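What follows is a single structure, written as structure tokens, with notes after it.
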Amino acid sequence: MRLTVTTWNINSVRLRIESVLRFLREAQPDVLCLQETKCPDELFPLKAFKGSGYEHIVFAGQKGYNGVAIISRFPLITRDVMRFCERADARHISAVLGAEAGPAAGIVLHDFYVPAGGDVPHRDLNPKFAHKLDFLSELRAWGGRRVSGPAILVGDLNVAPLEHDVWSHKQLLDVVSHTPVETEALETLRGEAGWIDAARLLTPEPEKIYTWWSYRSPNWELANKGRRLDHAWVSPDLAGTVRGVEVFRAARGWEKPSDHVPVTLALEL
């Protein structure tokens, strides 16, 4: 069985619902995990997804910012939302694939939206950066305790951890998302918990991988100053099943795009 799981920071699911439905028609992933849905639960566009063949949906949202959702062809038998930094700010949701998923049944799906951290990379000068570091610290503690059995962790982790995950390692060392304190925190928590970075498993450095291009660039495609902020990790028992990680770059050029693009993990189970 081939299982495909896509992660996408959509930057408002209602504003970009037509782009999401277009992607579902073209790529047809089994599961779509969204971040930054910016949508309170009562306004989540359930009918649009169910009309596209994705009947099983869990979400956690709030008005105007953050928000995560898992949209699936297969039944989801649980819904769990974790709080970090004593905030109920809709940055995590998880679910388990049901028996109808066949060989994929029982896989736990985690969808995360790590805080961006603002523009100033100093804890004492920037409360948003301090929050990001605290969030990563709590994520590290959770990962060491909880990761067991087949699991997939995806999301906008808002860190480009490796040298070739950014367009210029030297120029971005003092830029939030690629500072040493962030990259070391993310790689430490991933390594301690045993998560496998699926994209780099198949495409090791020094090849560049980007999933995000800033709105501030007047010509994002020509400049190509990207970063790999969106990740797909698998538990060690799934490492041997990884067959692909596709960055759907074309979506960055669609009308009213998100600054992130879909990233699809493919497993052969």
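The values are calculated or read from the model by the stated rules, or taken from the named source; none is laboratory data. The structure displayed is predicted, hence computed values, not measured ones. Cβ placement follows ideal geometry from the backbone for every residue including glycine, while neighbour counts extend to all protein chains displayed. Only protein heavy atoms, including side chains, enter the accessible area calculation; ligands, DNA and RNA are left aside. Shrake-Rupley method; radii C 1.70, N 1.55, O 1.52, S 1.80 Å.
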For this session: Would you check if residue 154 is assigned to a strand (DSSP E or B) and closer than 23 Å to residue 32 by Cβ?
Result: yes
For this session: Determine if the range 68-77 includes at least one residue that is farther than 20 Å from residue 31 by Cα and either of a type in the set (Phe, Trp, Tyr) or assigned to a strand (DSSP E or B) (or both).
Result: no
For this session: Pull up the range 164-186, narrow it to residues that are among the acidic types (Asp, Glu) and open to solvent by 50 Å² or more (accessible area, probe 1.4 Å), then point me to the one that is farthest from residue 230 (Cα to Cα).
Result: 174
Exercise. List pairs: first in the range 32-55 and closer than 16 Å to residue 12 by Cα and of a type in the set (D, E, K, R), second at pLDDT 95 or above and not in a loop (DSSP other than H, G, I, E, B), Cβ under 9 Å, 6+ apart or cross-chain?
Worked result: 36/9; 36/68; 36/113; 36/156; 36/260; 41/59; 41/60
Problem set entry | Given (1) open to solvent by 10 Å² or more (accessible area, probe 1.4 Å); (2) at negative phi, number of the condition residue 158 does not satisfy | (2)
Exercise. Does residue 53 fit the bill of being over 15 Å from the mean Cα position of the chain (by Cα), modelled with pLDDT under 95 and not aromatic (Phe, Trp, Tyr)?
Worked result: no
Exercise. Would you call residue 132 in contact (Cβ under 8 Å) with a residue 12 or more places away in the chain, assigned to a helix (DSSP H, G or I), basic (Lys, Arg) and surrounded by fewer than 22 Cβ atoms within 10 Å (Cβ to Cβ)?
Worked result: no
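Here is a yes/no grid of residues against (1) modelled with pLDDT under 95; (2) polar (S, T, N, Q):
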{"site": "175", "(1), (2)": "no, no"}
{"site": "183", "(1), (2)": "no, yes"}
{"site": "192", "(1), (2)": "yes, no"}
{"site": "198", "(1), (2)": "no, no"}
{"site": "201", "(1), (2)": "no, no"}
{"site": "239", "(1), (2)": "no, no"}
{"site": "257", "(1), (2)": "no, no"}
{"site": "262", "(1), (2)": "no, no"}
{"site": "266", "(1), (2)": "no, no"}
Exercise. Can you tell me how many residues in the range 5-56 are buried (at least 19 other Cβ atoms within 10 Å of the Cβ) and part of a helix (DSSP H, G or I)?
Worked result: 5
Problem set entry | Residue satisfying all of: in the range 193-202; among the aliphatic types (A, V, I, L, M) and open to solvent by less than 70 Å² (accessible area, probe 1.4 Å); farthest from residue 258 (Cα to Cα) among these | 193
Seminar exercise, completed: Listed by first then second residue, the pairs whose first member lies in the range 3-15 and is closer than 12 Å to residue 256 by Cβ, whose partner is basic (Lys, Arg), with beta carbons under 6 Å and at least 6 positions apart or on separate chains, are 10/16; 12/38
For this session: Quickly run through the range 72-107 and pick out the residues that are of a type outside the set (A, V, I, L, M, F, W, C), more than 29 Å from residue 3 (Cα to Cα) and surrounded by 14 or more Cβ atoms within 10 Å (Cβ to Cβ).
Result: 89
Problem set entry | Hits in the range 108-125 (condition: crowded, with 19+ Cβ neighbours inside 10 Å and not in a strand (DSSP E or B)) | 114, 115, 117, 121
For this session: Return the residue satisfying two criteria in turn: it lies in the range 203-231 and is of a type in the set (A, V, I, L, M, F, W, C) and exposed (fewer than 15 other Cβ atoms within 10 Å of the Cβ), and of such residues it is farthest from residue 162 (Cα to Cα).
Result: 222
Exercise. In the list 193, 160, which residue meets the criterion of being among the small types (Gly, Ala, Ser) and over 16 Å from the mean Cα position of the chain (by Cα)?
Worked result: 193
